[in-house]
1. Quick one: compute the contact order of segment 349-461, relative version, from alpha carbon pairs under 8 angstrom and 6+ residues apart, as a percent.
2. What per residue convex hull volume, in Å³, comes out for segment 128-210 when only alpha-carbon positions are used?
3. Given the C-alpha centroids of segment 263-335 and segment 91-143, what is the distance between them in whole angstrom?
4. On a 0 to 90 degree scale, rounded to 10, what angle separates helix 325-345 from the longest Cα axis of the chain?
5. Which value, to two decimals, describes the C-alpha radius of gyration of segment 249-292 once divided by 2.2 N^0.38 Å?
6. Over all directions, what mean area does the Cα convex hull of segment 359-461 project, stated in square nanometres?
7. Tell me, in nm to one decimal, what length is gained between GLU186 and ASN388 on full extension, where the rule is 0.36 nm per residue of separation less the Cα-Cα distance?
8. Could you tell me the calculated FRET efficiency between SER452 and ARG64, based on Cβ-Cβ distance and R0 = 22 angstrom, to the nearest 0.05?
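Values quoted throughout were computed directly from the atomic coordinates according to the rules given, and no laboratory measurement underlies them. All of these numbers come straight from a predicted model, not from anything done at the bench. Cβ atoms come from the backbone with ideal geometry, glycine included; neighbour counts cover every protein chain shown.
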Amino acid sequence: MMASVCKSGASVRGAVHAMCRQVQQMSVAGVRGFASSSSSSGLPSPAVPQQEGMTPYSYIPPGRNHLFVPGPCNLPHRVQVAMASLAENHRDVGFPYFATQLLNDMKYLFKTESGRVMLFPGTGTGGWESCLTNTLSPGDKVVCFRYGVFSHLWVDMAQRLGLNVIVLDEEWGNGADEERLKRVLEEDVNKEIKAVMVVQNETTTGVTSDLLKCRQAINAAQHPALFFVDGVSGIGATDMKFDEWGIDVAVTGSQKALSLPTGLGIVCASQKAIAARSGAKLNKVYFDWNDMMKANDAGSFPYTPASQLMRGMRVAIDMLMEEGLDNAFARHARLAEGTRRAVRAWEHAGLEILCKDPRWYSNSLTVIKAPEGVNTTELVNVAYNRYNLSLGLGLAKVAGKVFRIGHLGDMNEVSMLGAIAGTEMALRDVGVNLQMGSGVGAAAAYWQETSSIIPSRVQAM
Ligand SMILES: *Cc1c(COP(=O)(O)O)cnc(C)c1O
């Protein structure tokens, strides 16, 4: 990692060069120190023998790693404790009760009564696959917006499964154009399009599309297509009215706004989507909804459930119920707005928000365009190497040009201020001449004005 910073550091200012040299010398000294096991310094030799040329990794910096990527997210202590449960037999008589209750309570996340929630050991990508293979047949026509890496990958999956995908490309930084969707559906006079696929929050660009308006476009075209939503980085941070918005399948993953470790693909399917299962000819085995639903009806699973993750999920859902889902969205919106104010305060140094229209601003993350000549990969590396701050890299088309600050999941104002301060330091390290504290000040002012007393602390007043 350090080597790559130094190599790509050719274009940056002296400060980073000096830092690279310093750290390189430190790590060379470290390797030498470890290599000479007959320690003349009298220090004990390291527990892990070092190989020649290997960077020692025994030094863990004090304090927290500041994790501000848009997933995986910080784990609340309560969730971690709940997951430190002993291994358990999912065939014990108590487990079906726990599992049934959990699956039922997870409907809260989707604001659904009629939808059916399924939990697959896997990730969001597995959720995508279960959605497509359980509802569609080879050659079926589907339409999908593409405005970033995740929508691209979903398109790619659909194509590799043998679907006929009408791709609606939008400029990166834009969201779903509902008028365009309406036109495409209206032109489909024979109603050959079987599904509309929309990524709710495009994690590459920090853009949240308007699902209600997409549903209204489908209705306006009087089209019977199924409505599939990738809610992976949205659900838990942004509203999801599954029933009200007529969504047929919504997908998420445990490691995004739910603040659990990676490992659960979460799917909510409408009765219409479940009914489509009987005519769907794409192959599925592991992700077959029929197997899952049949087992779930008896409180069991078609294969070993990830019980520790489910114990963690129980607490994650409890915490969202305690906070109130709408309060959690409002908290995310406030953190997002404060972060955007910080970026606006950096405009004097040439930084800007990538999302093109305020109606698409994301509650989950802010994606920031760096000024010309600044390499954001270098920025992210410096933040990590110098300040133990993990920011999101720019991906694919915008690699090196943008960076991402995640504010989803287990997060609050003061933590965000740490991330914004660290970002300011790292920006200066890579040669951006911004006024130190400008972003921190703007964000802090907004959060100070808009914060309220933590409900459980009211009694202490
Ligand atoms: C992270 C992400 C995915 C991929 O989910 P995995 O859990 O990594 O498989 C898909 N879509 C969006 C919008 C994401 O943010």
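1. Result for segment 349-461 is 24 percent.
2. Roughly 81 Å³ of hull volume per residue.
3. 4
4. Approximately 40 degrees, to the nearest 10.
5. On the way: Rg = 12.6 Å, N = 44, 2.2 N^0.38 = 9.3 Å.
For segment 249-292, the normalised Cα radius of gyration is 1.35.
6. Working: hull surface 33.3 nm².
Hull-based average projected area comes out at 8.3 nm².
7. Difference between extended and current length: 67.6 nm.
8. 0.30
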